[in-house]
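The values are calculated or read from the model by the stated rules, or taken from the named source; none is laboratory data. Model, not experiment: these values are computed from the prediction. These accessible areas exclude ligands, DNA and RNA; they are computed on the full protein's heavy atoms, side chains included. Shrake-Rupley method; radii C 1.70, N 1.55, O 1.52, S 1.80 Å.
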Amino acid sequence: QKELDITSDTRTFVALLRNEVFSLVRALSRRDYAEAAAIVEGSGEEWTIRRFEETLAPYWEEHTEIRIDPAARSPSNTQVRQWPYVWEFTQILVDETGEGDWVLEGVIDIDKSREANRPVIGLRRIVG
C-alpha cells in the first residue's frame, strides 16, 4: 500500500505549512531558539541558537514582543509562492503595535516534505 503524499492536496499542504511556520513564530516569540533551530534543522541551512540570538537582537532592542494572537496568525501575514520542487514563504512578524516590519523568509522542500510526511521548512533569513 502506497503511503499518502501529503503534498498532493495543495490546500491541505498549505494549511500544514502555515501551522509549521507559525510553530517557528511561537518559538521565536518565547525566545526558545533551541525549538526554533529544531523546527528548521532539516533544511540544510545552519540555524543555531547563537545565530537566532544574534539575528534577532536588533528586533528585541526595538520591540517588546512577537505577537502570536489570532491577528498575528492571519493568513494575510504568510505569503507562499509555489514552484515545482521548492516553495518559498514569507512570514510577517507582528510586533506589539500590530506592525510587521520584520519578516522570516524561507523555503519548503517538497521532496523532503513528501518523505518526512510533514512540511520541511528551511529558514533563509530574518530581516527587518
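Give the shape of the stretch 47-113 as rounded, prolate or oblate, defined through the alpha-carbon gyration tensor: a ≥ b ≥ c are the square roots of its eigenvalues, a/c under 1.5 means rounded, and otherwise the shape is prolate if a/b is larger than b/c and oblate if not. Present the calculation step by step, with values, prior to reporting the outcome.
Details: a/c = 2.86, a/b = 1.43, b/c = 2.01.
Oblate shape, in that a/c is at least 1.5 and b/c is the bigger or equal ratio.
Per residue, how many Å² of accessible area does the chain show with a 1.4 Å probe?
Accessible surface, normalised per residue, equals 56 Å².
If you take the square roots of the eigenvalues of the alpha-carbon gyration tensor of the stretch 8-68 and sort them as a ≥ b ≥ c, do you get rounded (a/c under 1.5), prolate (a/b over b/c) or oblate?
Verdict is oblate for the stretch 8-68.
Which value at 222 nm does the chain reach when only helices count, each DSSP H run of 4 or more adding -39,500 (n - 2.57), with the total divided by all residues and rounded to the nearest 500 deg cm²/dmol?
About -11500 deg cm²/dmol.
So how tilted is helix 10-29 from the main axis of the chain? Cα-based, degrees 0 to 90, rounded to 10.
It is inclined by approximately 30 degrees.
Specify the angular offset, from 0 to 90 degrees and rounded to the nearest 10, of the alpha carbon long axis of helix 49-62 from the longest principal axis of the alpha carbons in the chain.
In the chain, helix 49-62 runs at an angle near 50 degrees to the longest axis.
Tally up the carbon and sulfur contribution to the accessible surface of the stretch 1-41 as a whole percent, 1.4 Å probe, everything protein left in place.
Reported share for carbon and sulfur atoms: 45 percent.
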